[in-house]
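The values are calculated or read from the model by the stated rules, or taken from the named source; none is laboratory data. As the structure is a prediction and not an experimental result, all values here were calculated from the model. Every residue, glycine as well, gets a Cβ built from its backbone with ideal geometry; the counts of neighbours run over all protein chains shown. Please note that ligands, DNA and RNA were not included when accessible areas were found on the heavy atoms of the full protein model with its side chains. Shrake-Rupley method; radii C 1.70, N 1.55, O 1.52, S 1.80 Å.
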Amino acid sequence: MKSLQLHINISPDLYTKDPESSVLGKKIISKSIEMIDALGFEDFTFKKLGLEIGSNESSIYRYFESKHVLLVYLVNWYWSWIEYKLVFATLNVSSAH
């Protein structure tokens, strides 16, 4: 059986390079979520993120202009995921009429 692959579409205005298009981009997303949770947004920096993922700070800027843009991307991804779950959960609900 093939595995189901889901892609959440996020506006390309929120990134310079699609983070879902590479291993590094996916590491940036997953580790930034962990670090923002652990450190808080104010103490989170691209420099610290780069050290955590073993990459240069400049490589993160190839994906996102700033940490604020990254946060907007993450929030958009989250709400798109919630919308997907809501649609999936209600897809086969019969009409109340």
- Query: Just to be sure, is LEU49 open to solvent by 60 Å² or more (accessible area, probe 1.4 Å) and among the aliphatic types (A, V, I, L, M)?
  - Reply: no
- Item | Hits in the stretch 68-89 - residues which are more than 17 Å from GLU20 (Cα to Cα) and touching a residue at least 24 places away in the same chain (Cβ under 8 Å) | TYR84
- Residue pairs within 8 Å by beta carbon, gap of at least six or interchain, first lying in the stretch 1-21 and part of a loop (DSSP other than H, G, I, E, B), second hydrophobic (A, V, I, L, M, F, W, C), listed first then second, are ILE8/TRP77; ILE8/TRP81; ILE10/TRP77; TYR15/PHE64; TYR15/VAL69; THR16/PHE64
- Query: Residue check, TYR63 against (1) assigned to a helix (DSSP H, G or I); (2) surrounded by 15 or more Cβ atoms within 10 Å (Cβ to Cβ), all met but one. Which one?
  - Reply: (1)
- Just a yes or no: is a residue in the stretch 23-32 in contact with a helix residue (DSSP H, G or I) (Cβ under 7 Å, 6 or more places away or on another chain) and assigned to a loop (DSSP other than H, G, I, E, B)? no
